[in-house]
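Quick note: the coordinates plus some simple rules give every number you see, no bench work behind them. Everything numeric here is computed off the predicted structure, so don't read it as measured data. Heads up, the Cβs are rebuilt from the backbone with ideal geometry, glycines too, and the neighbour counts pull from every protein chain shown.
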Amino acid sequence: MKNLHSFLPVSIVVLVEKSLLVALLVGALAFSMRAIGQAPLPDSPAIEAKAHAMLAKLTLEQKITLIGGSTVTMGTQPMPSIGLPSLRMSDGPVGVRSWGPTTAYPSGVSLAASWDPELMREEGVALARDARARGVNFLLGPGVNIARSPRTGRNFEYFSEDPFLNSVMVVQYVEGVQSQGVVATVKHYALNNQEFNRHNASSDVDERTMREIYFPAFEAAVIKGHADSVMNSYNLINGVHATQNEFLNLKILKGEWGFKGVLMSDWDATYDAVGAANYGLDLEMPYDKFMNAQNLLPAIQSGQVKESTIDDKVLRLLRLALRYRFMDRPQFDPTDSTYSVADRAIALRGALESITLLKNEGNLLPLDPAKIKTIAIIGPNAYPAVTGGGGSSLATPFEPVSTVTGIANFLGSKVAVLYDRGLPEASDFFEHTTWVNGVKVEAFPSTDFTGTPATSTQQSINDWRADTRGPEQSSPRSIRYTADFKAEKTGRYLVLGAGANEDKRKFFIDGKQLQADRLIEGHTPQSWELNLQTGQTIHIQADYQPHDSQNHISFGIAYEPGLVSEQARKIASLADVVVVAVGFERYSEGEGHDRTFDLPWGEDQLIESIAAANPHIIVTITGGVGTSTSRWLDKVPALLQLYYPGQEGGTAVADILFGKHDPEGRLPVTFDHSWQTSASYPYFYPVPGADTSLHVTETGGHAVDYTIEHIRYGDRLMVGYRYWTTTGKHPLFPFGYGLSYTTFNFSKLQAPAVAKSGSTVTVGFDVTNTGKVEGAEVAELYVSDPSAKVDRPERELKGFEKVRLAPGETKHVTLPLDARAFSYWDTPAHKWTIDPGRFVIRVGDSSENTPLHADLTLR
Ligand code: BGC
């Protein structure tokens, strides 16, 4: 104001000051009103009355219209006669991705690896702001399914292998999102723990396992987080699809947990109108394929479905629209930026808090930038940035930071940053396979290689395209490719074959079929290895039945030692230090198919070859959960697990490599030695020989026969660390593990020796930073119940806290253990039960390292 005073007459100054004050006050009021006005109203008699009054104005047909979605708006159907707009939706879960570029946050598993509920809430708020900036009413996230197997294609979207960690995190996420007037949609309810054949796979699970492992995150989201929307999964549960599963939807979700919100289907996860209508589904997405007037009107007339059942679904939607004031205000909020610098900072924080240091031999890390003149960055995941896995969760960021650009930005112009991809692209691999006399192509006028084929010759089998789909086939066809390959050198050869998700393909070498891994249905090439002698010629045949009008078939062979580029080896040998960035990406890990436990083709060879060229090597792995490292781990001094670090990943990698930030991520999943040693391995595949037929009489009396596959969860409660600690064996890296550049000490455990069964017990202890730099430790509290009457996992996580400490600093932590922390689900008694007796409390920094322990007797 000083400057104004010196130039203007006093009366004008007063006027200007007053109007500024008024403007500021109005602004502040508007801001606070917005802040207050965004959170949903609680349910109330007034809202109930209003929802019923709106319902009364609708015809039965209009009500049915409202329980099917709209593909035009990716949302609900509008109903102008009662002032109800279409409610817009967007995926989810870690970026508001459906309406153009947006902030791409780190993956769900990253958020769990941060073990930071506060970060989770902030990200929830940020996601909701991104949603409001795009007029989105429903965010299709969070995803909270348990990471049962390292091969599950969507683990990266979800949080962890532990129900307690998931439950704590989901509540923060949901509350953060909904506090800003956006509905959070918790998915995929339930037991969607594999991707292959997801429409027809039945997760066959006993009730205790469901209650103790697979339900708690949904239960917490509904009961503690007050989630207003839940999404049913594609799969069946004990032989019944989720969208028509009475036990899941009516008994548990709407019955026991008292869910009052909207239960929507996953996209195309509805299989029967009457079943879905009667057994809990409120909204069929993306459109009314089944729950439409044609199917439901006769069912209502014949009494198969009650009109009150439809009314209940519509009321849920209306109540929600009223509580969130979707009819009183535009959801598009121009005060929230579409491009947000603040959200970039949250995305960076998420990456910094989650990236996990798994190995650091000889304290190679942190690197001293002053000592580096040349750094080589090599690998398919070094550039461009790999921000997320594939499928509906993949957000397009405005300007993602790759590992190459992040490191180069950090080091500035005085250090030479050398880059090479190290491996060929898949299409180059296929293109450069040299076939003796080319490839003979026989295109048959049928889908089964019968009839007279049109014959031609081509140089390669390379129709590799990652994600384009053509229109469905108009005329039937099947194609057979035959060729000869002659080995120029003696040694190991890599064979790659690929097609599109739904295509059928079989590959033969000298008449013998290459065994395909049926879990890998994606576009990602499958690989095999062969030993050949110089001059040896093999005959190949590829039988291809394309699903759509485009060919995706690709097949090639290459001499393995020649795979890694010479330039990569050269820059590795010249550099002071090498970062090798490998792992999965959108095509090799994503929705719709499971993934390999091994790294994608060629990457093991790449690491081995670069490690031989330079021992100062740091490997970074992008990927949801555990991966095979057995071929090279002992040759590599440092290993970082990035998960999918979102758009700021490259900056976070650089900050951690050079010690600007202490690595503070801790594994939210156990890393197994191999796929075969993982707890779910014997039970992950469908049960051979099980009855796969499901005979269903659908709406209108149509009999439908499905071929389903039963996945028997024989691992029961023994998921991840529960299995390892109970069997007394040791995984590669345990749950909760992660290294730091400092050291921590746990001391002074305080826990009562005796307490009353059912009461809340408080456990206290100290955590001290005993090293030289600031860092954060995750204190994990496990409970064991050795005197239980039933078999229980040896220990279970029941509390945790992330503690940020300066060097030498100590903090006292207290954690409450409520009745549930000591209980198991007693199936015959149908309740949570505590067996009084001896319990053991353990505190430490991983499921394997719990230096503090004390006995506790519950009476
Ligand atoms: C996914 C859901 C997603 C929906 C909408 C489905 O394929 O399974 O998670 O929300 O698509 O994009």
Q) Can you list the residues, at least 5 places off or on another chain, whose amide H is less than 5 Å from the amide H of residue 640, using H built in the peptide plane? A) 358, 619, 620, 621
Q) Where in region 828-859 does the label zone of residue 819 land, with the point 7 angstrom along Cα→C-beta and an amide N cut-off under 19 Å? A) 828-839, 857-859
**Q.** Cα-centred dipole magnitude for region 410-485, charges only on beta-carbon of K, R (+1) and D, E (-1), debye, nearest 20
**A.** 120
**Q.** Lys, Arg +1 and Asp, Glu -1 on Cβ, resulting dipole of region 427-564 about Cα centre, debye, nearest 20
**A.** 280
**Q.** ³J(HN,Hα), Karplus 6.51/-1.76/1.60, whole Hz, each residue of region 42-58, x for Gly, Pro
**A.** x, 4, 8, x, 5, 5, 4, 5, 5, 4, 5, 5, 5, 4, 5, 7, 9
Q: Take the Cα atoms of region 769-859, build their convex hull, and give its volume per residue in Å³.
A: 98
Q: Take peptides 479-490, 259-270 and line them up by average Cβ neighbours within 10 Å, highest first, as a rough protection proxy.
A: 259-270, 479-490
Q: Could you tell me which of 179, 455, 581 has its Cα farthest along the dipole of the chain towards the positive end, charges placed at Cβ (Lys, Arg +1; Asp, Glu -1), taken about the Cα centre?
A: 179
Q) Cα extents of region 101-249 along the three principal axes, largest first, in whole Å? A) 41, 30, 28
Q. How high is the FRET efficiency between residue 432 and residue 676 when r is their beta carbon distance and R₀ equals 35 Å, given to the nearest 0.05?
A. 0.55
Q) In nm, to one decimal, how far is the modelled label at residue 612 from the one at residue 838, with both set 7 Å along Cα→Cβ? A) 5.5
Q) Amide H neighbours of residue 186 under 5 Å, counting only residues 5+ apart in sequence or on other chains, H built in-plane at 1.01 Å? A) 229, 230, 231
Q.
Please give me the summed charge of the neighbours of residue 447: other residues whose Cβ is under 10 Å from its Cβ, Lys and Arg +1, Asp and Glu -1.
A. +1
Q: Report the label-to-label distance for residue 685 and residue 342 in nanometres (one decimal), using points 7 Å from each Cα along the Cα→Cβ vector.
A: 5.3
Q) Taking the Cα-to-Cβ direction at residue 199 and at residue 859 and moving 7 Å from each Cα, how far apart do the two end points lie in nm? A) 6.1
(Q) Give me the percent relative contact order of the chain, please, defined on Cα pairs under 8 angstrom at least 6 residues apart. (A) 14
Q: Subtract the Cα-Cα distance of residue 633 and residue 307 from 0.36 nm times their separation in residues, and report this length gain in nm to one decimal.
A: 111.1 nm
Q: Quick one: grab Rg to one decimal and Dmax as a whole number for region 284-379, Cα atoms only, in Å.
A: 27.7, 81
Q: May I ask you to order 196-203, 225-232 by the average number of other C-beta atoms within 10 Å around their residues, highest value first?
A: 225-232, 196-203
Q. What translational diffusion coefficient, in µm²/s and rounded to a whole number, does the Stokes-Einstein relation yield for region 33-163 at 20 °C and a viscosity of 1.002 mPa s, taking the hydrodynamic radius as the Kirkwood radius over Cα pairs?
A. 124
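Report the net charge of residues surrounding residue 620, where surrounding means a beta-carbon distance below 12 angstrom and charges are Lys +1, Arg +1, Asp -1, Glu -1.
Net local charge, residue 620 excluded: 0.
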Q) Could you give me the ³J(HN,Hα) list for region 343-360, computed from phi with Karplus coefficients 6.51, -1.76, 1.60 and θ = phi - 60°, whole Hz, x at Gly and Pro? A) 6, 4, 5, 5, 4, 5, 4, x, 5, 5, 7, 10, 3, 10, 8, 9, 8, 8
Q.
I need the phi-derived Karplus couplings for region 211-216: 6.51 cos²θ - 1.76 cosθ + 1.60, θ = phi - 60°, integer Hz, Gly and Pro marked x.
A. 5, 8, 10, 8, 8, x
Q) Are there GluC sites (Glu not before Pro) in region 187-246 that DSSP puts in a loop and that have at most 13 other Cβ atoms within 10 Å, and which ones? A) none
Q: Quote the charge dipole size of the chain about the Cα centre in Debye, to the nearest 20; the model charges only the Cβ of Lys and Arg (+1) and of Asp and Glu (-1).
A: 1480
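Hey, what number do you get for the chain at 222 nm if only DSSP H runs of n ≥ 4 count, each worth -39500 (n - 2.57), divided across all residues, to the nearest 500?
Mean residue ellipticity, 222 nm, calculated: -7000 deg cm²/dmol.
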Q: Check the straight Cα-Cα distances from residue 440 and name the lysines below 24 Å, setting aside those fewer than 8 residues away within the same chain.
A: 486, 504, 506, 512
Q) Over the alpha carbons of region 574-708, what is the largest minus smallest coordinate on each principal axis, giving the biggest first in Å? A) 72, 30, 24
**Q.** Gained length - residue 53 relative to residue 371, 0.36 nm times residue gap less alpha-carbon distance
**A.** 107.1 nm
Q: Rank-order 309-321, 167-179, 743-755, 589-601 by packing density, defined as the average count of other C-beta atoms within 10 Å over each peptide's residues, highest first.
A: 167-179, 589-601, 309-321, 743-755
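Using the Kirkwood radius built from alpha carbon pairs, what does the Stokes-Einstein equation give as D for region 52-101 at 20 °C and 1.002 mPa s, in µm² per second?
The calculation lands on 175 µm²/s.
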Q | the chain: equivalent-ellipsoid semi-axes (sqrt of 5 x gyration tensor eigenvalues, Cα, Å) | A | 42, 37, 31
Q.
Going 7 Å from the Cα of residue 517 along its beta-carbon direction, which residues of region 179-212 have the amide nitrogen within less than 18 Å of the resulting point?
A. 193-198
(Q) Run the numbers for residue 486 and residue 60: contour at 0.36 nm per residue of separation, minus the present Cα-Cα distance, in nm. (A) 146.3 nm
